[in-house]
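Undergrad: What follows is a single structure, and I will ask about it in a moment.
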Amino acid sequence: MAQSISSHRPPGDLSGLSRRSVLQLGGGVALLVAVGACARDDADGTGAAGDGTLRIAVPSYPSSWDQDFVGFDPIALMLYKNVFPYLIDYGVTTVDGAEISDTENIIPTFAESFEPDAENRVWTLRLREGVTFASGNELTAHDVKWSKDRAFAAQANVAGIYRLIGLTEPDQVRVIDDYTVEFHQAFPSALTREIQAISLYVFDSQEAQEHATDDDPWASDWIAGNPPSGGYFRVESATQGQEVLLSRNPDYPGPDPAQIDQIRLTVVPAASNQRLQLQNGDIDVALGMSQRDVADLRELDGVAVISAPSNEQVAIQMSVETAPFDDVNVRKALAYAVPYEQIIANVYGGDARPVQSLVPLDMPGYDERGYPYTYDLDAARAALDEAGLDSVQAELVFETDNETQQQLAVLVQSEAAKVGIELELTPLDPGTLAERRNQKNIPLQITSGQMWVNDVEYLLATSLTEGAALNYSNYRNSEIEQIYEESHTVVDEAERNQLWLRVQELLAEDVPWAIICQPNFNLPVRDHVTGWVQPVDGLARLQHLSSSS
């Protein structure tokens, strides 16, 4: 076994989690970061418009450059996707006229190929020859092996998610020759390509080992403070707390190379400052603004709003263990009392998609029979009567300073009151919200988030099985548990879709969530910016962006 890493672990540590408690940024975590730009002209001229530099502002500086540990820092995670060598990544497809990540077409980037054997248990990774890190060291199978040994030693992010595909030990990752690595899974899995798209990043092991010590054999201290040496981009410079300067990686060997020469990311914490800079033409891109800000920006000259379908789910999770929502009829009453169309129109300005399942739209296996509830106050009243209740009182929790969730909560409160469901609205700060979630004492809460893996098995693992990290409903259905366990080794798509249909039928009966909608993602930009691809995991691949100015 590889020696364990003993350095301090940031909040993303996944050690000790079960197979279903895996890396997932959801439940209200903002997955996409705010990006903009600094002034039109820099002293050195690199920021001048039209010279191949896209100036981007982010709300915070990355907490660490050590990807093996960081799990809940969206700025850092977005940067990693652009500056670490990822050996495979998502392709691009079109939905409703917008480009998004293609989860059914995962392509080799730094790798030449990644394919399974006939049983889908042994996966062979072949690297492109002659690819070098910025240090000049060649990227080889030994870097892959060292990186995965380090991940298993960390027992954090990669080790946590690898359990879903039957990888738990370093000796399951085997170097065949300088450019070939085999991954020997304990069982076949339909999730392998998507899990590896998250996990197959590589360190420059020769450079890292030069900074290792007896007390720090995996060079954790050095890696945490030093940017990696190149993915789609290289880090030219990084000033703590201020900015990161990226440049196109000239040695990137795969498809979809960076379309812009340089990207300057500057820390601009206030969204109001981003909006002002965008309005004045001093920002190229602004990501993460409120729905209201985006709506106001649509009418400005020189500003465009790129809209793309998103897999973000907005829901009200109902605690099935907490009265009165331990009664399925009360849960149905609330589901019928939610004004879905009104929320889409008034909260999201019509810029959201209605859904009929707890399985997200565009996820394989989605079926409209999964959520048969529409706004129907008569049906809501009948369901409450079936529960033998004239009225109920409950607390509805949402995030403090989240204007969208507050507006949604007010609309639900108003309509639910018409059938005797009296809701007390409770905004909670992140710390208090996390504490109460751990205590499992929230009867109703608004959640939003998206799956990093576009598969129902992953949805179940993270959100709808016993002990799942995002199962704030405390939901458990024995048949779904059995289906989940069975699904681990089922790779045939038609067979999996039959499993998922049954899962959705059961969820329709049990209604642990009132599923609200899937908001489209809106990106306000200056009108010369093009090439946005909506990422399935919420982490922007900046190589697609370009400028026509």
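The values are calculated or read from the model by the stated rules, or taken from the named source; none is laboratory data. Small disclaimer: the values here were computed from a predicted structure and weren't measured. With ideal geometry, Cβ positions are generated from the backbone for all residues, glycine too; neighbour counts draw on all protein chains shown.
Undergrad: Residues of the range 398-428 being more than 24 Å from Ala345 (Cβ to Cβ) and surrounded by 17 or more Cβ atoms within 10 Å (Cβ to Cβ), which ones?
TA: Matches in the range 398-428: Gly420, Thr426, Leu428.
Undergrad: Something else now. Quick check on my filter: what residues within the range 226-248 are outside any loop (DSSP other than H, G, I, E, B), closer than 23 Å to Thr109 by Cβ, within 24 Å of the chain's Cα centre (by Cα) and not hydrophobic (A, V, I, L, M, F, W, C)?
TA: Within the range 226-248, just Arg234 meets the criteria.
Undergrad: Just give me the residues in the range 145-198 being in contact (Cβ under 8 Å) with a residue 24 or more places away in the chain, more than 21 Å from Asp537 (Cα to Cα) and among the acidic types (Asp, Glu), in sequence order.
TA: Residues satisfying the conditions are Asp149, Glu169, Asp177, Asp178, Glu182.
Undergrad: Here's another thing I want to ask about it. For the range 367-377, which positions are touching a residue at least 60 places away in the same chain (Cβ under 8 Å) and in a loop (DSSP other than H, G, I, E, B)?
TA: Listed by number, the residues that qualify are Asp367, Tyr371, Pro372, Tyr373.
Undergrad: Scan (1) under 19 Å from Val83 (Cβ atoms); (2) without any contact (Cβ under 8 Å) to a residue 60 or more places away in the chain for the single condition Ile223 breaks and write down its number.
TA: Looking at each condition in turn, Ile223 falls short on (2).
Undergrad: Quick one: how many residues across the range 450-464 are over 14 Å from the mean Cα position of the chain (by Cα) and under 18 Å from Ser101 (Cα atoms)?
TA: 1
Residue-by-condition table, conditions (1) at pLDDT 95 or above; (2) surrounded by fewer than 22 Cβ atoms within 10 Å (Cβ to Cβ):
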residue	(1), (2)
His184	yes, yes
Gln206	yes, yes
Asp215	yes, yes
Pro227	no, yes
Tyr232	yes, no
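Undergrad: Checking Leu278 against (1) surrounded by fewer than 21 Cβ atoms within 10 Å (Cβ to Cβ); (2) outside the structural domain of Thr132 (by TED's automatic domain parsing); (3) outside any loop (DSSP other than H, G, I, E, B), only one condition comes out false. Which one?
TA: (1)
Undergrad: Considering only the range 162-173, I want to know if a residue exists there that is in contact with a Phe, Trp or Tyr (Cβ under 8 Å, 6 or more places away or on another chain) and within 26 Å of Pro257 (Cα to Cα).
TA: No, the range 162-173 contains no residue that is in contact with a Phe, Trp or Tyr (Cβ under 8 Å, 6 or more places away or on another chain) and within 26 Å of Pro257 (Cα to Cα).
Undergrad: While we're here: Give the residues of the range 378-414 that are over 29 Å from the mean Cα position of the chain (by Cα) and in a strand (DSSP E or B), sorted by residue number.
TA: Of everything in the range 378-414, those that are over 29 Å from the mean Cα position of the chain (by Cα) and in a strand (DSSP E or B) turn out to be Val392, Gln393, Ala394.
Undergrad: Take the range 524-542 and flag every residue that is β-branched (Val, Ile, Thr) and within 21 Å of Tyr252 (Cα to Cα).
TA: The one that is β-branched (Val, Ile, Thr) and within 21 Å of Tyr252 (Cα to Cα): Val533.
Undergrad: Which numbered condition trips up Thr140, out of (1) buried (at least 21 other Cβ atoms within 10 Å of the Cβ); (2) within 24 Å of Pro250 (Cβ to Cβ); (3) among the β-branched types (Val, Ile, Thr); (4) within 25 Å of the chain's Cα centre (by Cα)?
TA: Among (1) buried (at least 21 other Cβ atoms within 10 Å of the Cβ); (2) within 24 Å of Pro250 (Cβ to Cβ); (3) among the β-branched types (Val, Ile, Thr); (4) within 25 Å of the chain's Cα centre (by Cα), the lone unmet condition for Thr140 is (4).
Undergrad: Take the conditions surrounded by fewer than 23 Cβ atoms within 10 Å (Cβ to Cβ), farther than 21 Å from Arg55 by Cα and small (Gly, Ala, Ser) and apply them to Ala238. Does it pass?
TA: For Ala238, the condition - surrounded by fewer than 23 Cβ atoms within 10 Å (Cβ to Cβ), farther than 21 Å from Arg55 by Cα and small (Gly, Ala, Ser) - is not met.
Undergrad: Does any residue of the range 126-144 turn out to be assigned to a helix (DSSP H, G or I) and not hydrophobic (A, V, I, L, M, F, W, C)?
TA: The answer is yes; a qualifying residue exists.
Undergrad: Which condition number in (1) out of contact with any Asp or Glu (no Cβ under 8 Å at 6 or more places or on another chain); (2) surrounded by 20 or more Cβ atoms within 10 Å (Cβ to Cβ); (3) in a strand (DSSP E or B) is the one that Leu265 fails?
TA: (1)
One line per residue, one yes/no per condition, for (1) more than 29 Å from Gly91 (Cα to Cα); (2) within 25 Å of the chain's Cα centre (by Cα):
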| position | (1), (2) |
| --- | --- |
| Ile195 | no, yes |
| Ser205 | no, no |
| His211 | yes, no |
| Ala219 | yes, no |
| Trp222 | yes, no |
| Arg264 | no, yes |
| Asn273 | yes, no |
| Ala286 | no, yes |
| Glu299 | yes, no |
